[in-house]
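Enquirer: The structure is given below, and queries will be raised subsequently.
The values are calculated or read from the model by the stated rules, or taken from the named source; none is laboratory data. Values in this document were obtained by computation on a predicted structure and should not be read as measured data. Here the Cβ is made from the backbone with ideal geometry for all residues, glycine too, and neighbour counts use every protein chain on show. These area figures cover heavy atoms from the full protein model, side chains too; ligands, DNA and RNA do not enter into them. Shrake-Rupley method; radii C 1.70, N 1.55, O 1.52, S 1.80 Å.
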Amino acid sequence: MAARRQADILVVGGISTDFLVQGPRLPRQGQNVEGHLFLESLGGKGANASVAAARLGARATLVGRVGADARGLGLLEQLEGEGVDTLAVTRDPGASTGVVLEMVDESGHRQSLSAEGANRRMRVPDVLAAEERISRADVLLVQLEVPLEVVVAAVHVARAAGTHVVLDPAPPTALPEELLEAVHVIRLNDLEAEVLTGVEVVDRASARQAAENLLRRGVGSAVVAAPQGNLLLGSEGELWLPNLPVDWVDTTGAGDAFSAALCVALGERRSLSDAARFAHATSALATMRLGALSGLPNREQVESFMARLAMSALSGESARW
Ligand SMILES: Nc1ncnc2c1ncn2[C@@H]1O[C@H](COP(=O)(O)OP(=O)(O)O)[C@@H](O)[C@H]1O
Ligand SMILES: [Mg+2]
């Protein structure tokens, strides 16, 4: 078999520390509830996606900003340990490294409060300094934890160089139409779809409506997550991917895994529908552990999961992971 082409993925996005406490229930205002589990991990959507891409075998570069504090340094070391190139991450003495405080109850309901810190102090020159890397990459992945002007600048550089552009619009905010027009693929969940399109996504049909709205406004293709599955709509038509049979624990980070996997497959020059199938399987596996990063699967895990799914479809049995 011919060797796979290695995808070169560039992510411009947020980097934070996630502090997570799980307890029996979420506290009401003014209340304290004693929890039973504490996790501290590397987080932020940019970090999650770049680690996801590296675990899937891509060359992953992250452009972002952390504080000049010890936490920021620790996060950079972790990213490097995952094989992510962090040379284009700047250290800002004027802000602290991004932080997210998360509370999760036993059924997975959560609340979080974040201080984006250095992430929100990224500026256009951060992107321009990485211009050559963005131009060389196969795919640029952007999310919205960094200022919109930074996202727009990165997308401009990518478009001028012929680099593919994937947008994961989280946390959601109104977007300039010129940004949407420059996006090859947008990938979003139901809540984000509602903010951007006004369509309440509850099933496949409403996911299609939201996707149609985004395509009319100029995006090339859209992947909308509905509660029952992911819908891909592009110029070649529609693909519906029902949720896969996994014992899910926590969907946090599963969307980042989806976006990253989509970029990796596109960077390997696979078709969009193939890329969406690969991303769908990757995100299903990413739901099986608490916390965003710990659940991100590697290439081998995704491929053996997909092989099992194909086998069970052929034999008519249902597979469960
Ligand atoms: N069982 C499953 N099979 C396939 N995909 C799943 C499954 N459970 C969750 N997902 C996918 O995980 C993703 C979660 O996305 P999102 O809400 O953006 O997560 P986050 O932003 O926390 O990373 C969606 O694309 C959803 O369809
Ligand atoms: Mg998301």
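Enquirer: Rolling a 1.4 angstrom probe over the protein chains, ignoring ligands and nucleic acids, what is the accessible area of Asp247 in square angstrom, nearest 10?
Expert: Looks like 80 Å² after rounding.
Enquirer: If you don't mind, there's one more thing I want to ask. Of the accessible area of segment 54-93, with the probe set at 1.4 angstrom, what percent is carbon plus sulfur? All intermediate terms of the calculation are to be shown ahead of the outcome.
Expert: Numbers: 890 of 1690 Å².
About 52 percent, which is the carbon plus sulfur part of the accessible surface.
Enquirer: If you don't mind, another one. Over segment 135-285, what is the relative contact order in percent, taking alpha-carbon pairs closer than 8 angstrom and at least six residues apart? Walk me through the numbers before you get to the answer.
Expert: On the way: 278 pairs, mean separation 26.9, N = 151.
Relative CO of segment 135-285 lands at 18 percent.
Enquirer: Please report the spacing between the Cα centers of segment 272-317 and segment 152-217 in Å, no decimals.
Expert: About 24 Å separates the Cα centre of segment 272-317 from the one of segment 152-217.
Enquirer: Another one. Quick one: putting +1 on the C-beta of Lys and Arg, -1 on the C-beta of Asp and Glu, what dipole do you get for segment 136-206 around its Cα centre, in Debye to the nearest 20?
Expert: On the way: 4 positive and 12 negative charges, 72 e Å.
For segment 136-206, the charge dipole is close to 340 debye.
Enquirer: While we're looking at this one, here's another question. How high is the relative contact order of segment 223-321, given as a whole-number percent (alpha carbon pairs under 8 Å, six or more residues apart)?
Expert: 26 percent
Enquirer: Could I ask something else about it? Using the alpha-carbon centroid of each, what span in Å lies between segment 31-64 and segment 101-145?
Expert: Cα centroid of segment 31-64 versus Cα centroid of segment 101-145: 11 Å apart.
Enquirer: Please give the contour-minus-distance gain from Glu132 to Leu26: 0.36 nm per residue of separation, less the Cα-Cα distance, rounded to one decimal in nm. Please report the intermediate quantities before stating the final value.
Expert: Details: separation 106, 0.36 × 106 = 38.16 nm, distance 4.61 nm.
Net length gain for the segment: 33.5 nm.
Enquirer: For a quick check of understanding: with a 1.4 angstrom probe and all protein chains in place, what accessible area in square angstrom does His184 have, to the nearest ten?
Expert: For His184, the solvent-accessible surface is approximately 50 Å².
Enquirer: Here's another thing I want to ask about it. Could you work out the helix-only [θ] at 222 nm for the chain, with each DSSP H run of four or more residues adding -39,500 (n - 2.57) and the total divided by the number of residues, to the nearest 500 deg cm²/dmol?
Expert: Details: 11 runs with 120 residues, N = 321.
After summing the helix terms and dividing by residue count, I get -11500 deg cm²/dmol.
Enquirer: Roughly how many Å² is the accessible area per residue of the chain, as a whole number, for a 1.4 Å probe? Don't skip to the end; give the middle numbers.
Expert: On the way: 13990 Å² over 321 residues.
About 44 Å² of surface per residue is accessible.
Enquirer: Right, something else. If you roll a 1.4 angstrom probe over the protein chains with everything in place, what fraction of the accessible area of segment 238-321 belongs to carbon and sulfur, to the nearest %? Provide the component values of the computation, followed by the final result.
Expert: Working: 1990 of 3650 Å².
Summing carbon and sulfur atoms, their accessible area is 55 percent of the total for segment 238-321.
Enquirer: Could you work out the pair-distance distribution P(r) of the chain from its alpha-carbon pairs, with 20 angstrom bin width and percents rounded to whole numbers?
Expert: 34, 60, 7, 0
Enquirer: Between Ser271, Ser259, Ser96, which gets the highest mean-square fluctuation from a Gaussian network model of the chain, Cα cutoff 10 Å?
Expert: Ser271
Enquirer: At a 1.4 Å probe radius, carbon and sulfur cover how many percent of the accessible area of segment 129-236?
Expert: Details: 2000 of 4160 Å².
Result for segment 129-236: 48 percent of the exposed heavy-atom area is carbon or sulfur.
Enquirer: Just the number, please: percent antiparallel of the DSSP beta bridges in segment 1-125, rounded to the nearest 5.
Expert: Details: 13 of 31 bridges.
Given both bridge residues lie in segment 1-125, the antiparallel proportion sits at roughly 40 percent.
Enquirer: Tell me the chymotrypsin sites (Phe, Trp or Tyr not before Pro) within segment 220-286 that lie in a loop according to DSSP and have at most 13 other beta-carbon atoms within 10 Å.
Expert: Taking segment 220-286 and a limit of 13 other Cβ atoms within 10 Å, no loop chymotrypsin sites (Phe, Trp or Tyr not before Pro) are found.
Enquirer: For Asp190, Asp18, give the ranking by accessible area with the largest first, probe 1.4 Å.
Expert: Asp190, Asp18
Enquirer: Under a point-charge model restricted to the Cβ atoms of Lys and Arg (+1) and Asp and Glu (-1), what is the dipole moment magnitude of segment 80-188 relative to its Cα centre, in debye to the nearest 20?
Expert: Once rounded to the nearest 20, the dipole reads 220 debye.
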